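Below is a structure I'd like to ask you about.
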Amino acid sequence: MPTAPSFARLGGGEVSFGPSAVAIGNFDGVHRGHQQVLAEAIDAARNAGLPMLVLTFDPHPAVVLGRPAPEALTALPRKAELLARIGVDRVVVKTFDQAFASLTPERFVEELLVSALGARVVVVGRNFRFGHKRAGDYATLEAFGKKSGFDVRTFELRGDERGPFSSTRARDAIRRGDVGEAKHVLGRWHAFSGVVARGDQRGRTLGFPTANVDEVAEIVPAHGVYAVVVDRLDGGARALGRGVMNVGVRPTVAGADGPRRSQEVHLFDFDGDVYGASLRVHVVERLRDERKFASLDELRAQIAADAANARAITAPLAPNFGGAFG
């Protein structure tokens, strides 16, 4: 199963990729709805003898248009990795800036879809809007397609009895710490990545040394304690170990500068040096809320209980993606 995508960033002066099928969207999270839509698009592309491209944008258009962007479920490299796993041949990232935002719908089609991507099939959601001030819609795209020689196809996201699978639904679940619901929507554990920074080493004095995962690009679950599995990303993803994680402000041992949110992972049976390493943390199960304890001894006893619980939960889990957990 492929894990490394063919990846291209467009910024101007592009050359054509040749005839292709193109799915356009943010695809944040590459959740079950995305996966089902893209599986159908990939089948159609294969039947037509076309490579399957995903066109996405960076930074998020909301940033350029002066609105807050939603918290990311997947950073761009992770998104490309997940898209490649389901069979997308190439992820094409178009730089979204003011110049691009000012393109008319006609120029969007002619310069990007036709000239740069050689689109023969274009797959979008029914509510897709494009061009300056979102002037183009699905009907506009269909009209351009008839003139320029590409077919336009739409999709509706799949779901369940609780509604469509969506990035918003996954984010809402993660924000409230419902990692089971997030897994149901995403089709896998939610994961975030970051770099291990030096902390105050308080965990070591309690007998549970932790890796303080900093510089995180993706959404992190609600304050609490979680069972996790961890990949190391330096030089390619590979499993590092299983563990227990605290997300929050550590109210029992907050430093002199006051409470500060952190993501601290204790890895079982591991005593290596990971300072400066890039890690991916897969959030498997929520164990409890974060809370303040009356003493360090009480905190130490609770951490031991949490670790035992997380060890039992993660023990059956094995790496399954080229030596990585996910």
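Can you grab the distance from the C-alpha centre of the range 228-290 to the C-alpha centre of the range 46-62, Å, no decimals?
A separation of 34 Å, based on Cα centres.
At a 10 Å Cβ-Cβ cut-off, how would you order Glu215, Glu111, Glu81, fewest neighbours first?
The order, fewest Cβ neighbours first, is Glu215, Glu111, Glu81.
Could you derive backbone 3J(HN,Hα) for the range 33-50 from the dihedral phi with the Karplus parameters 6.51, -1.76 and 1.60 (θ = phi - 60°), listing whole Hz in sequence and x where the residue is Gly or Pro?
Values per residue, Gly and Pro as x: x, 4, 4, 5, 4, 5, 4, 5, 5, 5, 4, 5, 5, 4, 4, 8, x, 10 Hz.
What FRET efficiency comes out for the pair Gln302/Arg158, r = Cβ-Cβ distance, R0 = 56 Å, nearest 0.05?
The pair Gln302/Arg158 has a calculated efficiency of 0.85.
Another question, if that's okay. Provide the FRET efficiency to the nearest 0.05 for the Asp269-Val63 pair, computing r from the beta carbons and using R0 = 45 Å.
Values: r = 42 Å, r/R0 = 0.94.
Working from the Cβ atoms, E equals 0.60.
Pairing the Cα long axis of helix 296-314 with the longest principal axis of the chain, what angle in degrees results, from 0 to 90 and rounded to the nearest 10?
Helix 296-314 sits roughly 50 degrees off the main axis of the chain.
Hey, what did the chain get for relative contact order, percent, Cα under 8 Å, at least 6 apart?
Relative contact order comes out at 16 percent.
Which entries of Lys79/Lys292; Lys79/Lys133; Lys79/Lys147 show an alpha-carbon separation above 31 angstrom in the structure shown?
Going by Cα-Cα distance, Lys79/Lys292; Lys79/Lys147 fall outside the 31 Å limit.
Could you work out the Rg to Rh ratio of the range 190-314, with Rh taken as the Kirkwood radius (inverse of the mean 1/r over all Cα pairs)?
0.93
If you don't mind, there's one more thing I want to ask. Identify the residues of the range 210-238 with backbone N under 15 Å of a label point that sits 7 angstrom from the Cα of Ala277 along the Cα-to-Cβ direction, or state none.
From the range 210-238, the list is 210-214, 229-238.
Please list 129-135, 70-76, 278-284 highest first by mean number of surrounding beta-carbon atoms within 10 Å per residue.
Averaged packing, sorted descending, gives the order 278-284, 70-76, 129-135.
Each label point is 7 Å from the Cα along the Cα-to-Cβ direction; what then is the distance between the points at Lys146 and Arg311, in nm?
Taking the simple label geometry, Lys146 and Arg311 are separated by 6.9 nm.
Next question, about the same structure. In the Gaussian network model of the chain, springs joining C-alpha atoms below 10 Å, which of Arg171, Arg46, Arg286 carries the largest mean-square fluctuation?
Looking only at Arg171, Arg46, Arg286, the biggest GNM fluctuation is shown by Arg46.
Please identify, among Gly272, Gly33, Gly136, the residue showing maximal mean-square fluctuation in a Gaussian network model of the chain using a 10 angstrom Cα cutoff.
With Cα springs under 10 Å in the chain, the top fluctuation among Gly272, Gly33, Gly136 is at Gly272.
222 nm [θ] for the chain, helices only, -39500 (n - 2.57) per DSSP H run of 4+, per residue, to 500?
-7500 deg cm²/dmol
Under 10 Å, Cα contacts only: if you run a Gaussian network model on the chain, which one of Val64, Val109, Val92 comes out with the highest mean-square fluctuation?
Residue with maximal mean-square fluctuation among Val64, Val109, Val92: Val64.
Enter the angle in degrees (range 0 to 90, nearest 10) between the Cα long axis of helix 76-85 and the first principal axis of the Cα atoms of the chain, meaning the one along which they spread out most.
The helix 76-85 is inclined about 70 degrees to the chain.
Laboratory data are not the source of any read-out in this text; all were calculated from the coordinates shown. Quantities reported herein were computed from a predicted structural model and do not represent experimental measurements. Backbone-built Cβ (ideal geometry, glycine too); neighbour counts: all protein chains shown.
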